[in-house]
Structure formats: C-alpha cells, structure tokens
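These notes concern the structure reproduced below.
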Amino acid sequence: MTPFHPGQLVMVDIQGKHLDAATAEFLRANQVRAVCLFRKNLGTEAEVQQLTRDLRAVMGPQALIGLDQEGGSVVRATFLPQAPSAMALGAADDAEQAERVGAAVARGLRSIGINWNFAPVLDINNNPANPVIAERSFSEDADDVTRLAGAWMRGSLAEGVACCVKHFPGHGDTHVDSHLALPTVDKSRAELDALELRPFKDLRAQAPAMMTAHIVYPQIDPEHPATLSKKILGDILRREWGYDGVVITDALMMKAIYERYGYARAAVLAIQAGADMILAQGNLQEQGASIQALQDAFDKGELTATQGETARARLDALAQAYPVRHDSYVGEPRQQDDVLMRSAWASGLTAMRGAAAPALDQPLRVYTQASVDSDGVSEAGPSGELVRSLFAGFSDVEFVALDSIDTLDWSRVPPEGRFNILASNHRARYGTYAQAWRPDLHLVLWNPFQALDVKGPTVVTWGYAEGALAGLKGWLEGRTQATAQSPVNLG
C-alpha cells in the first residue's frame, strides 16, 4: 500500500476552463485525487472533455471528477440533454421514466469524463418557505422520494456514473440557505425517523456516496452541524445504520461552516465525525491549509491512521467501480436522450385551479421579469425574451418585462379586456404584496411554491429548461395537456 497522504481525502475546485501548470503541480504534490467542477470551469463540450482528460492524467486512475447535474435549475453541463427537475419527475410520478432519465444523465456525464454526480436529492421538501431546495426535491412524501430517487439512481449507476445522495440527514424543512447562514431543524429523533431520515435509510445500501448537510439538529447534537457531528455521522449513519459508502461534506466554504469554523478546523472535525472526504473550495493557499490541517491532525493523533486508511479505501473502491471514461455520445443515442428529456418535462406539466389556455387570437398582456441572474447554486433563470417566445403563436400580445417583477403594481394594470398573464421566472417566493395580483393565468416557471402566493388559475412547469418551456408552449397553443399532479401541497 502506498504511503497515505491527507490530500487523498480532499476534493478541491479549480479556476478556469483549462488546467494550468500551477494547479496541476498542486494536485500532484498533494496527491489530490478529486476535483469538483462548477459553471466557471465549463466551456464548450470539447473543452470540458479536454479538461477532464488533463485532470485524469494528473490525478491518476483513482481520479474522482464530480459536479452537480441534478436536472432542473441545478445543472452545470448545460450543453447536454437537459433533465427534468426532481419535482417535475415527482409530478409525472413514473418510476420507470425517472430511471431512464437518471441513465440518460449518466450517459451524458460519462462522455465528458465525469464519474461522480452529486445527485439525486433525497431531501423531502415539506417546507414551502425553503429557500434552496423546492423543486430540487421529488416530493413532500418520504415514500415517493425513496421510490423515484431510487429509480433515478439505479439508472445512473447502471450507466457507470456514481451518485451522491444529499443532503444527509435532510435539508427539506429549513427556512435558511446554508450557503448563507447556519440553519436549524429542531426536531426529535422520532420525528426525523418518521420523515427526513427515511429515504437516506431506505436507500443506503444502493447509494455509493452521501453528502452531508450544514444544519444543526439540536435535539441530536446541539453543538455541531451534521457535517461535523459525530453523533449524526458517526453514531447514526456509520454505527447504527452500518453505512460503509463514501461520505463527503458539502462545501466547507459555505458560510454556515466557514464563518464559524474556518477551513482548517472544519476539515479535521468532519473526518473525525465520520466523513471520508471534505469539499474544500478556494484558492490554492486555502486548499493547502485544509490539507495541512489534516496532516497536522494525523501527526498529533487527533485523527488516527486507521481513520485515514478506512476513508481512502472507501474512496478507492468508489473510483474503481466508477472510473473516468470518455465514451462517444453523438448521433442517435444522444438524440434519443434529448427526446426522452423533453417528453419527461412535458409529462410533469401541471394545471391547477381551472387553468385553461387562452385562444390564439385573444388579446394578451404578459408580465414577467426581464432577466434573472444565477445565484451560484442554480443556473440563470429564463430571460424575458425566452418568456416572450412562448407566445409567438398568438396574434396580439402586449409584453411587459420589468426590471424586478416585485415592483408590479396591480392597481396600474389597465382594466380593458386583455387576458393578463403573469410569468414567474425568478426563484424567490413573493411577499404579501402579491396577494393583490389577479392574473387570469399564472405561469410558474421555477419555484412551484409561488403558486401559494398568487391566487388564480395556475400552470406549474417545475423548471425552465428547453423541454419545460416547449411543453408549456404546446399547452398554451392547445397542442398538449397538463394533467400531472403536484407532489407537494400548493393550496
């Protein structure tokens, strides 16, 4: 066995779309075997393929190259066929379709050299105010999450891409985004067993990896968030449940962790708690500090050699089972996957409260937001121009694109007989001001819980990828139906 190096327990990010010499040397010198790619790293498809080849050459046959390709708004490789969000699949409620989608996602990722996908989400979104999960969850029902996420994962694993279920022990019932602050879920163990923990427990034998949540569960461990908690990772996940797959932290640079512990201390606490790998974003100096902190902890006995070797063995097994590949993904197989994704999006389209499409010759007025920037987790929302394109088949459309849809004053909406449509293309929930809005039709293109904020007939797409918008356009023009049922309570 080769000498153990703590860099083997660290996943880093890199800068840019190409592997520069300094980063390559850092990876070699620290024996880093895992890199997470983000939107900043993804150029053209050919550039991504070259980047992952270069990373594989530097990191070796045990390389783990990951990203977030959940589907819906959380995708990084946007040039691949775009998968439906989890909640779109939940609305369609077809496990066989979910499995086919998971397989298609994996085929695309495999072709660009990705062997580890941080998906599917097992969080149960039972909190409409959740600012970060929402349509990323399959359902508010634990059994449905388990059934559909399990099917999605079977498809991915069969196509040779490792999954990483997240965010253990559950991020669905939070009011706070852990990228920005430290959430608390004040539930008893019995309450967690009855809901949040069930998909993770039921799918633990199938899941090759789990990602932790930066959330405090005070009735289990009042001192540490789950990522750093021996009581949660060590006692529940490892010892009680016997989970022997890879446990990786969510990003330690997220404010929930970074502002309270810093990179170095958090890295040590996570491995002590029962994690195998830390996700250490930042510049080379910050990443190096995490690796050095682990080395110091091993030297001082704060971490044992057995802990390090056990973690490395789990990571070795993951890399051996799911090696980096660059299989061809062109022609008919890719076209078929694109058709599958579009069909799956359309099958999740959900009409509520008597929603009906206007006649093609009916005068319309459409309100939306002109543009929606990326928040760093999700991709940028659909632009006003994309929303406008939904109505290309209508003969008389007055289009109003506001800098912020929150500024819409319904008292100023002209009273004459146009059919008023509100197209919600941003992620945040609306405030109480929206209670005065009375559109004839509300199109919810992102966060489904916006349907709770605006009264009236509503159509929910669960996302805004091309397939989602094409399905909605077909419904608006009377060519398709919207018969799916919401997997969460939208009133």
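Nothing in this text is a laboratory measurement; each read-out follows from the coordinates by a stated rule. Just so you know, these numbers come straight off a predicted model, no measurement behind them. For neighbour counting, all protein chains shown are included, and Cβ atoms are generated from backbone atoms with ideal geometry for every residue, glycine included.
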### Task
Could you work out the Rg to Rh ratio of the range 423-481, with Rh taken as the Kirkwood radius (inverse of the mean 1/r over all Cα pairs)?
0.98
### the range 97-179: relative contact order in percent, alpha carbon pairs under 8 Å with at least 6 residues between
47
#### Entry: FRET efficiency, residue 182 to residue 295 (Cβ-Cβ, R0 41 Å, nearest 0.05)
0.90
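Give, to the nearest whole percent, the P(r) tail of the range 190-248 beyond 13 angstrom, counting all Cα pairs.
61
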#### Entry: Helix 305-321 axis, angle to the chain major axis (alpha carbon atoms, nearest 10°)
50
### Query
Taking neighbour Cβ counts within 10 Å as the exposure measure, how do 156, 371, 486, 395 sort from fewest upward?
395, 371, 486, 156
#### Entry: Calculated from backbone phi, Karplus (6.51, -1.76, 1.60) coupling profile of the range 466-481 in Hz, x at Gly/Pro
3, x, 5, 5, 5, x, 5, 4, x, 5, 4, 8, x, 9, 9, 9
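May I ask you to derive the relative contact order of the range 6-321, considering only C-alpha pairs under 8 Å and at least 6 residues apart, and to give it as an integer percent?
Relative contact order for the range 6-321 comes out at 16 percent.
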### Summary
For residue 231, the lysines lying under 17 Å Cα to Cα, once residues fewer than eight places off in the same chain are dropped, come out as 187, 201
### Gain upon complete extension [residue 359, residue 20; 0.36 nm per residue less C-alpha separation]
116.4 nm
### Message
With 10 angstrom as the radius, rank 44, 227, 350 by how many other C-beta atoms surround their C-beta, starting from the fewest.
### Response
44, 350, 227
### Message
What is the ratio of the Cα radius of gyration of the range 1-126 to 2.2 N^0.38 Å, with N the residue count, to two decimals?
### Response
1.17
### Query
How far apart, in nm, are two points set 7 Å out from the Cα along the Cα-to-Cβ line at residue 231 and at residue 283?
3.8
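Using square roots of five times the C-alpha gyration tensor eigenvalues, list the equivalent-ellipsoid semi-axes of the range 349-476 in whole Å, biggest first.
20, 17, 14
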### Task
Quote to one decimal, in nm, the extra length available between residue 28 and residue 304 on full extension: 0.36 nm per residue of separation minus the C-alpha distance between them.
97.0 nm
### Summary
Hits in the range 310-328: amide N under 20 Å from the 7 Å Cα→Cβ extension of residue 206, namely 318, 321-322
## Note on the structure
Cβ density ranking, 10 Å radius, fewest first, applied to 5, 442 yields 5, 442
## Note on the structure
The answer for the per residue Cα convex hull volume of the chain, in Å³, is 136
## Note on the structure
Restricting to Cα pairs under 8 Å and 6 or more apart, the percent relative contact order of the range 438-491 works out to 31
### Task
Report the full-extension gain for the segment residue 479 to residue 438: residue separation times 0.36 nm, less the Cα-Cα distance, to one decimal in nm.
12.2 nm
